[in-house]
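J.: Mind looking over this structure? Questions follow.
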Amino acid sequence: MSNHIEKPSKAGGFPSIQATLSHVLRSQRTKQNLKNLLRVNQTDGFDCPGCAWGDNKHGAFQFCENGAKAVAWESTGKGVGSEFFAQHSVRQLAKQTDYWLEYQGRLTEPMRYNAATDHYEPVSWTDAFSIIADKLNSLSSPNRVEFYTSGRASNEASYLYQLFGRLYGTNNFPDCSNMCHEASGVALTKAIGIGKGTVVLNDFDAAEAIFVFGQNPGTNHPRMMNALRKAAKHGCKIVTFNNLKEVALEKFASPQSPIELLTPASTTISHQYLTPKLGGDMAAVRGMAKYIIEQRQDKIDHGFIEQHSAFFNEYQQSVKRTSWQQIEQQSGLTRADIIKAAILFSGSKSVISCWAMGLTQHKHSVDIIREVINLHLLCGQIGKPGAGLCPVRGHSNVQGNRTMGINEKPSNEFIAHFDNFFDTRLPRQAGHNVVEALKALQTKDSKVLICLGGNLAAAAPDTDFTYQAIRNAELNVQISTKLNRSHLQVTQDALILPCLGRTELDVQRSGVQKITVEDTFSMVHASTGMTEPVSELCLSEIDIVAQMANATFHHRDYHHFAGVQQAETQSAATKIDWLALRDDYGLIRQLIQNTINGFEYYNQRIEQPAGFYLGNSAARFVWNTQTKRAEFNPSNLPDSVIADCSSDAQLHGSQSTPQPILLLQSLRSHDQYNTTIYGMDDRYRGIKGKRNVLFINPQDAQNLNLVEAQLVDLQSIANDNVVRKVSGFSVVLYDIPQGNIAAYYPETNPLVSINSVGVDSYTPTSKSIPVVITPSTKPVINVAQV
Ligand SMILES: Nc1nc2c(c(=O)[nH]1)N[C@H]1C(S)=C(S)[C@@H](COP(=O)(O)OP(=O)(O)OC[C@H]3O[C@@H](n4cnc5c(=O)[nH]c(N)nc54)[C@H](O)[C@@H]3O)O[C@H]1N2
Ligand SMILES: Nc1nc2c(c(=O)[nH]1)N[C@H]1C(S)=C(S)[C@@H](COP(=O)(O)OP(=O)(O)OC[C@H]3O[C@@H](n4cnc5c(=O)[nH]c(N)nc54)[C@H](O)[C@@H]3O)O[C@H]1N2
Ligand SMILES: [Mo]
């Protein structure tokens, strides 16, 4: 379609192996990393830090290009310590790209920011913990602290972290899920009474049809491609709904198959490939339901509906009221194509629906996902082999974090178990999610930010707002493996606490430790690192959290918060031997077993190679909803899919005549892990050497008088008076529906208003950003040289 980019005809294959080797070679620890790659996801190895897709642990080694990049990136021979920080002031570092910052290597010693010199300087671990304890004990309320988590932290680390925060007195646990699969959790909990997927890996072998919505597994969940390829080879029909034609979902060559590796051969993945407009999936799925309800009553599972569901009549009415005109207009798909998908769905004995960020990051995401659930309930496609719902999680332990209590709105039941066991009364009041935490920092109501991993500054929306919010923190504590943007938003006091990564050997007093994680199929299993730690001064995340808690609760001033609740948590907090928990992670697992359902015999059960299955109530037809039934959602389609942007929205800072508004999605390239940029290529989309690109339909480009490779600026539209703009994006003519454009995250985060969030999910609407395009005024080419 376009003349200067060349998309490959298939994904995977030999270029995947080439790319892996080049990353391993650049890591400067080649031998160790080749060994590491053979231990990923094996019985005695470590869990891949790449994504949350599950594995059959006794299986053969599975090659995964992007998992390999994640391993090589973590296990680099390069280090960032006091010499580095003596050379570079924070102001200088802030001028570097995200790529450059992380490429400098692993953080190797604890550092403290000195505002007078604008440099980070070495600090001892003992002093670092005292600084944190002094600060936490000086605040007027425990709700002035924000405890952020990114989804790589182990079950043990996140359990200890939430216990620390809650005994300290707050539910302020903003986490990366708030920007990711929150809408899935909300929709699933309301509809089927549990916020997790209902299928396991083996179901992919039994499915007759698999629907993949808004997900790019070739890049983001490459191990899922093996399951899809195997299913397609068995005759399972795969239907893709994706705004873009992602090559891996069209044709995939398995790096495991010698023939597909070395010849042009590949497996056709999608039987039907539909390209809905951004935010149009609810309309598309509503169309499928409409066809089935109005024309194929025989395909409705009346028995299931009768026995297990609620609100079917209301749903049926709502579907009948929805016009085909609205369905076609909002989805951008033809009635014929939607009916073809509906015939396949309703004619298959067992169907799985998978989805990721293409469904979760819109204003009406909860309703989009509930419509997918509606369709499954309509045809009884849940709780039987090869059928069910599969939100494909992102970070490798993000699901485990939630199970462990990283949740700003914990249920009463969850908290009650802790109260009983620790003989205490933990806070009930809802805490802050990511957007609320940033707003509280911005208004200076919150004073301290502690981050267990991640890169909040670059991952969160509305970059200027977010930077300012984080800079307002009186103390910014970052527990990290690599240098990133979040370490640079500092004005007062800040600490960088370097930690071990998942690939590294973790030895404590009781010996070599393992940690545990939960994958997207609710399988919990152990992970043991084996590489020599990058520096003796790096501590494990668990060690860091335990020492923060120990210093805080055994502090001379620890008693001062007024109020009943604090008096009750005091004694529990001081009774816990935090350092003993650090010395033997098995003791933390015992606490988990005693306070969270489903972890009986935890230490014993993780000795099994594949770990254990936590189970899923909905898959057993137990519906923990208000009605104790699976609930249909009768919502109407939204009037418009454009988030927070009325038709008369003003383009601030511009006097020109009205310009067409296009809807932008921000997405990942093949060479990045969220805010970690591994390289400047996006091989599967034919992009080389740059990230500031704008994918646009050729007809839209022509209407706007834009030509290929021209530089443009993007300004977003919102109903406030803030100008949100990014500059110097290079036009790429691309096969994308008219009216929709795409560009990479995090470069486009400045365009997402902090106030533009999903209904009931509060997730920033990073897949539906209304923007106008203008020829560039300020060309900025963001190519780092290393
Ligand atoms: N290598 C690598 N692996 C990763 C990550 C990474 O950055 N790099 N990130 C991890 C994390 S935290 C996550 S959450 C996952 C993310 O995994 P994905 O959700 O696959 O990530 P995105 O790049 O955001 O891709 C969104 C996909 O949805 C499509 N899409 C966007 N909007 C719509 C829409 O409205 N409708 C439809 N039907 N399609 C749409 C886009 O075209 C794109 O293919 O991956 C995880 N794994
Ligand atoms: N516009 C837009 N914004 C988005 C998204 C989008 O699609 N579009 N996606 C959203 C999604 S799905 C997510 S999940 C968030 C991601 O948000 P985060 O999870 O906060 O971000 P990451 O980029 O994954 O964090 C990378 C940093 O984690 C640290 N790190 C890596 N490994 C470890 C470890 O083992 N331990 C510790 N302690 N630290 C470690 C390193 O220092 C690294 O710099 O971004 C969200 N933001
Ligand atoms: Mo994510």
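The values are calculated or read from the model by the stated rules, or taken from the named source; none is laboratory data. Worth saying up front: this structure is predicted, and the values here are computed from it rather than measured. Please note: Cβ atoms are built from the backbone with ideal geometry, for glycine as well, and neighbour counts cover all protein chains shown. To get the accessible areas, we keep the full protein, side chains included, count just its heavy atoms, and leave off ligands, DNA and RNA. Shrake-Rupley method; radii C 1.70, N 1.55, O 1.52, S 1.80 Å.
J.: Looking only at strands (runs of 3 or more DSSP E) that fall completely inside segment 178-290, which ones have 2 or more residues that are among the aliphatic types (A, V, I, L, M) and either within 16 Å of ligand 3 (Cβ to nearest atom) or in contact (Cβ under 8 Å) with a residue 24 or more places away in the chain (or both)?
T.: 209-213, 237-241
J.: Would you be able to say whether some residue in segment 556-573 is modelled with pLDDT under 95 and part of a strand (DSSP E or B)?
T.: no
J.: Keeping to segment 291-331, report how many residues are part of a loop (DSSP other than H, G, I, E, B) and open to solvent by 60 Å² or more (accessible area, probe 1.4 Å).
T.: Residues flagged as part of a loop (DSSP other than H, G, I, E, B) and open to solvent by 60 Å² or more (accessible area, probe 1.4 Å) within segment 291-331 amount to 2.
J.: Taking the stated definitions as given, is V712 over 21 Å from M179 (Cβ atoms), surrounded by 20 or more Cβ atoms within 10 Å (Cβ to Cβ) and modelled with pLDDT of 95 or more?
T.: Considered against the rule, which asks whether it is over 21 Å from M179 (Cβ atoms), surrounded by 20 or more Cβ atoms within 10 Å (Cβ to Cβ) and modelled with pLDDT of 95 or more, V712 comes out as yes.
J.: If a residue must be assigned to a helix (DSSP H, G or I), open to solvent by 10 Å² or more (accessible area, probe 1.4 Å) and away from ligand 3 (no atom under 16 Å from the Cβ), how many such residues does segment 139-177 contain?
T.: Number satisfying all stated conditions: 3.
J.: Assuming Y168 fulfils every condition listed in (1) within 16 Å of ligand 2 (Cβ to nearest atom); (2) over 19 Å from the mean Cα position of the chain (by Cα) apart from one, which condition is it?
T.: (1)
J.: Test of understanding: among A231, A206, A248, which residue is more than 16 Å from ligand 2 (Cβ to nearest atom) and open to solvent by 10 Å² or more (accessible area, probe 1.4 Å)?
T.: Of the residues listed, the single one that is more than 16 Å from ligand 2 (Cβ to nearest atom) and open to solvent by 10 Å² or more (accessible area, probe 1.4 Å) is A206.
Rundown of residues vs (1) buried (at least 24 other Cβ atoms within 10 Å of the Cβ); (2) not in a loop (DSSP other than H, G, I, E, B), yes/no style:
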residue	(1), (2)
A473	no, no
N476	yes, yes
V490	no, no
R502	yes, no
P533	no, no
E536	no, no
I542	yes, yes
M548	yes, yes
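J.: Name, by its number, the condition in (1) more than 10 Å from ligand 1 (Cβ to nearest atom); (2) open to solvent by less than 20 Å² (accessible area, probe 1.4 Å); (3) not aromatic (F, W, Y) that does not hold for N243.
T.: (1)
J.: Within segment 674-687, restricting attention to residues that are within 20 Å of S766 (Cβ to Cβ) and within 14 Å of ligand 2 (Cβ to nearest atom), which residue is nearest to the chain's Cα centre (by Cα)?
T.: N674
Matching residues to (1) touching a strand residue (DSSP E or B) at 6+ places or on another chain (Cβ under 7 Å); (2) open to solvent by 40 Å² or more (accessible area, probe 1.4 Å); (3) at pLDDT 95 or above; (4) within 16 Å of ligand 2 (Cβ to nearest atom):
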residue	(1), (2), (3), (4)
R620	no, yes, yes, no
T625	yes, no, yes, no
P634	no, yes, yes, no
P658	no, yes, no, no
Q672	no, no, yes, yes
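J.: Let me ask another. Of the numbered conditions (1) more than 16 Å from ligand 2 (Cβ to nearest atom); (2) assigned to a loop (DSSP other than H, G, I, E, B), S353 fails exactly one; give the number of that condition.
T.: (2)
J.: Limited to segment 332-341, what total is found for residues that are within 31 Å of the chain's Cα centre (by Cα) and either β-branched (V, I, T) or not in a helix (DSSP H, G or I) (or both)?
T.: 3
J.: Which residue pairs have Cβ atoms closer than 8 Å, lie 6 or more positions apart in sequence or on different chains, and pair a first residue in segment 423-452 that is on the phi > 0 side of the Ramachandran plot with a second residue that is open to solvent by less than 10 Å² (accessible area, probe 1.4 Å) and small (G, A, S)?
T.: D423/A572
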